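Working notes, structure below.
The values are calculated or read from the model by the stated rules, or taken from the named source; none is laboratory data. Keep in mind it's a predicted model, so treat the numbers as computed, not measured. Please note: Cβ atoms are built from the backbone with ideal geometry, for glycine as well, and neighbour counts cover all protein chains shown. Areas reflect the complete protein model, heavy atoms only, side chains present, ligands, DNA and RNA absent. Shrake-Rupley method; radii C 1.70, N 1.55, O 1.52, S 1.80 Å.
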Amino acid sequence: MTSDKFRDAVCDIVRQIPPGKVYTYGRVADLAGYLNCSRQVGYVLKTSSLPDLPWHRVVNSRGRLAPGHPDQRQLLLREGISFRPNGFVDLSRCLWHPEDFIDI
């Protein structure tokens, strides 16, 4: 079970990921102040019913998409996200660097 404080922090961070950029589950957890809670970030995103939450901009640490969400790739492609030949997001080009933009 995740706390409301954790859920709110995760959602606040994910909302700030700009179109055309992605962030990783682990980095979201770390930025929220919860080291080693990447799986819980995934749970928050999976169970959220917030319509404005850009969940599709969060990928794993290697750039792999969420299993069971075939629409994620199309949503990212529409935003200009580039993919490597193995189907993973090209993190060297598309990883968000929030240190200059974050408002938490």
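Observations, loosely collected:
- Cβ pairs under 7 Å, 6+ apart, first in region 81-95 and over 13 Å from ARG62 (Cβ atoms), second acidic (Asp, Glu): SER82/ASP90
- Residue list for region 1-20, filter: open to solvent by 70 Å² or more (accessible area, probe 1.4 Å) and assigned to a loop (DSSP other than H, G, I, E, B): MET1, PRO19
A quick yes/no check of all residues on (1) modelled with pLDDT of 95 or more; (2) under 15 Å from the mean Cα position of the chain (by Cα); (3) not acidic (Asp, Glu):
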position: ASP30; (1), (2), (3): yes, yes, no
position: ARG39; (1), (2), (3): yes, yes, yes
position: TRP55; (1), (2), (3): yes, yes, yes
position: VAL59; (1), (2), (3): yes, yes, yes
position: ARG62; (1), (2), (3): yes, yes, yes
position: GLY80; (1), (2), (3): yes, no, yes
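- Contacts under 7 angstrom Cβ, first residue in region 1-23 being closer than 15 Å to HIS56 by Cβ and hydrophobic (A, V, I, L, M, F, W, C), partner part of a loop (DSSP other than H, G, I, E, B) and open to solvent by 20 Å² or more (accessible area, probe 1.4 Å), 6 or more apart: CYS11/SER48; CYS11/LEU50; ILE13/ILE104
- Within the span defined as region 91-99, one or more residues are at pLDDT 95 or above and more than 11 Å from TYR23 (Cα to Cα).
- Residue in region 83-93 that is open to solvent by 30 Å² or more (accessible area, probe 1.4 Å) and touching a helix residue (DSSP H, G or I) at 6+ places or on another chain (Cβ under 7 Å) present: no
- Residue selected from region 35-46 under the condition part of a helix (DSSP H, G or I) and not aromatic (Phe, Trp, Tyr), by the criterion most open to solvent (accessible area, probe 1.4 Å): ARG39
- Residue check for TYR23: part of a strand (DSSP E or B) and buried (at least 18 other Cβ atoms within 10 Å of the Cβ): yes
- Subset of region 47-72 [open to solvent by 90 Å² or more (accessible area, probe 1.4 Å) and of a type outside the set (Asp, Glu)]: SER49, PRO51, SER61, ARG62, ARG64, PRO67, PRO70
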